[in-house]
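The values are calculated or read from the model by the stated rules, or taken from the named source; none is laboratory data. On a predicted model such as this, the values are computed, not experimentally measured, just so you know. Here the Cβ positions follow ideal geometry from the backbone for every residue, glycine too, while neighbour counts run over all protein chains shown.
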Amino acid sequence: MAAKIKKGDNVVVLTGKDKGRTGQVLKVLPTENRVVVQGINMVQRHTRPTQMDPQGGIKNKEASLHLSNVAIADASGKPTRVGFREEDGKKVRFAKTTGDVI
C-alpha cells in the first residue's frame, strides 16, 4: 500500500502534549508505524562524553510519534485525510477536504 505520509510533508499533531502544532516530517519508520517530526515531541537525552563529543551532557532531540497522531496539513494548514487518485496515468495523493494534490 502506498504511504499516506512521506518525508518532507507538513503535518499537524492531533493528540498529545504538542497537539495543534505543525512541523515537517524528517523520517518515516514504516515498520513501526511512526514518524519523526521536526521540533515536535522533544525529549532530553543524557549523553556520555565521547571522542566525537568530548563535552557530553544533556541533548535535546525529536522522538517519534505514532502515525495515527498526525495528519497531513492542507493548503490552509488544517489537518486533512489523504486519498489516492489517478491523474495523467500517475497515482497521486490528494487532500480529502480541498481536493488539492499534495
> For segment 41-59, what are the residues that are on the phi > 0 side of the Ramachandran plot and free of Cβ contacts under 8 Å to residues at least 12 places away in the same chain?
Replying inline: Gly56, Gly57
>> I'm trying to understand the selection: among the residues of segment 28-41, which are within 13 Å of Ser64 (Cβ to Cβ) and in a loop (DSSP other than H, G, I, E, B)?
In response: Pro30, Thr31, Glu32, Asn33, Gln38, Ile40, Asn41
> On the given criteria, is Ala63 within 12 Å of Ile5 (Cα to Cα), in contact (Cβ under 8 Å) with a residue 12 or more places away in the chain and of a type in the set (A, V, I, L, M, F, W, C)?
Replying inline: no
> Within segment 62-83, is even one residue at pLDDT 95 or above, over 17 Å from the mean Cα position of the chain (by Cα) and surrounded by fewer than 13 Cβ atoms within 10 Å (Cβ to Cβ)?
Replying inline: no
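Conditions tested, residue by residue: (1) at pLDDT 95 or above; (2) outside any loop (DSSP other than H, G, I, E, B); (3) surrounded by 10 or more Cβ atoms within 10 Å (Cβ to Cβ); (4) not hydroxyl-bearing (Ser, Thr, Tyr).
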site: Lys4; (1), (2), (3), (4): no, no, yes, yes
site: Val12; (1), (2), (3), (4): yes, yes, yes, yes
site: Leu26; (1), (2), (3), (4): yes, yes, yes, yes
site: Gln55; (1), (2), (3), (4): no, no, no, yes
site: Asn60; (1), (2), (3), (4): yes, yes, no, yes
site: Gly99; (1), (2), (3), (4): no, no, yes, yes
